[in-house]
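The values are calculated or read from the model by the stated rules, or taken from the named source; none is laboratory data. The structure displayed is predicted, hence computed values, not measured ones. FYI the Cβ positions are ideal-geometry reconstructions off the backbone, even for glycines, and counts take in every protein chain you see. In case anyone asks, the SASA skips ligands and DNA or RNA and just uses the protein heavy atoms, side chains included. Shrake-Rupley method; radii C 1.70, N 1.55, O 1.52, S 1.80 Å.
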Amino acid sequence: METVYFKGAPCHTYGKVPAPGDTAPCFNLVSKDLADVTCRDFAGKRVVLNVFPSLDTPVCAMSVRRFNEMAAGLDDVAVVCVSMDLPFAMGRFCAAEGIDNVVAASAFRSPQFAHEYGLELVDGPIAGLLTRAVIILDTDRKVLYTDLVQEITHEPDYEAALEVLKA
């Protein structure tokens with residue numbers, strides 16, 4: 001169990017976020033067109049998992065925009081933006097915002113993702129959604145970096161993530 005905060009109030013997650021050096025579990029998510037999105041889709045690439053509660057919040061939307069900008073300049077890197085939002089909502093958001101350098105993926109029918117990655121909020125006002133985190137995996141799913149954002153209403157450390165990707 002991890003402790004994070006929503007507007008200063010403590011919230012807890014189901015399980016623990018994989019630590020650097022761990023091999024992350026394979027994931028199975030849903031794309032905005034209802035196709036499966038799995039770890040196998042990114043063979044040979046490093047994967048950035050940008051995880052957040054919902055695109056319907058300004059901070060979450062900003063993180064998708066920022067990672068979309070960052071991804072445009074990175075070779076052999078896939079950025080997967082993950083939330084519990086329905087795929088239809090993700091599709092509308094990406095179309096309206098011109099988001100095309102990241103993969104929008106819903107965990108709405110993948111409770112194992114939330115549990116295996118330790119990201120499901122189990123209490124607090126947004127229980128049932130995912131907490132905010134960035135997890136970077138190498139080509140073999142070894143965890144290179146994690147940023148479990150302590151205050152959910154804050155943005156992740158984009159620069160630290162970018163440094164890992166440029167190393």
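Among all residue pairs at least 6 apart or on different chains, which show Cβ distances below 7 Å where the first residue, located in segment 84-107, is without any contact (Cβ under 8 Å) to a residue 60 or more places away in the chain and under 23 Å from CYS26 (Cα atoms) and the second is among the aromatic types (Phe, Trp, Tyr) and not in a strand (DSSP E or B)?
Matching pairs, first to second residue: MET84/PHE108; LEU86/PHE108; VAL102/PHE67.
Can you tell me which condition LEU29 does not meet? The list is (1) open to solvent by 70 Å² or more (accessible area, probe 1.4 Å); (2) under 15 Å from SER106 (Cβ atoms); (3) at pLDDT 95 or above, and all the others hold.
(1)
Just to verify a result, which residue in segment 27-43, among those that are free of Cβ contacts under 8 Å to residues at least 40 places away in the same chain and part of a strand (DSSP E or B), is nearest to ARG132 (Cα to Cα)?
THR38
Search segment 44-57 for residues that are at pLDDT 95 or above and pair each with any residue that is among the aromatic types (Phe, Trp, Tyr) when their beta-carbon atoms are under 6 Å apart and the residues are at least 6 apart or on different chains.
ASN50/PHE67
Considering (1) on the phi < 0 side of the Ramachandran plot; (2) open to solvent by 70 Å² or more (accessible area, probe 1.4 Å); (3) touching a strand residue (DSSP E or B) at 6+ places or on another chain (Cβ under 8 Å), say which one THR153 fails and leave the rest.
(2)
Would you call ALA24 in contact (Cβ under 8 Å) with a residue 12 or more places away in the chain, open to solvent by less than 70 Å² (accessible area, probe 1.4 Å) and farther than 24 Å from THR139 by Cβ?
For ALA24, the condition - in contact (Cβ under 8 Å) with a residue 12 or more places away in the chain, open to solvent by less than 70 Å² (accessible area, probe 1.4 Å) and farther than 24 Å from THR139 by Cβ - is not met.
Residues in segment 36-55 that are open to solvent by 20 Å² or more (accessible area, probe 1.4 Å) and farther than 14 Å from ALA105 by Cβ: how many?
4
Filter segment 124-150 down to the residues that are open to solvent by 50 Å² or more (accessible area, probe 1.4 Å) and not aliphatic (A, V, I, L, M) and list them by number.
Correct list: PRO125, THR139, ASP140, ARG141, LYS142, GLN150.
Mind checking which residues of segment 76-123 are under 13 Å from VAL48 (Cα atoms) and either under 13 Å from the mean Cα position of the chain (by Cα) or aromatic (Phe, Trp, Tyr) (or both)?
ALA78, VAL79, VAL80, CYS81, VAL82, VAL102, VAL103, ALA104, ALA105
Could you count how many residues in segment 56-69 are buried (at least 21 other Cβ atoms within 10 Å of the Cβ) and of a type outside the set (Gly, Ala, Ser)? Show your work before the answer.
The first filter runs over segment 56-69 and keeps only residues buried (at least 21 other Cβ atoms within 10 Å of the Cβ), leaving 60, 63-64, 67.
Right, trim to of a type outside the set (Gly, Ala, Ser) and you get 60, 64, 67.
Residues that pass the stated criteria total 3.
Just one of (1) at pLDDT below 95; (2) part of a loop (DSSP other than H, G, I, E, B); (3) over 15 Å from LEU119 (Cα atoms); (4) small (Gly, Ala, Ser) trips up SER63, so point out which.
The failed condition is (2).
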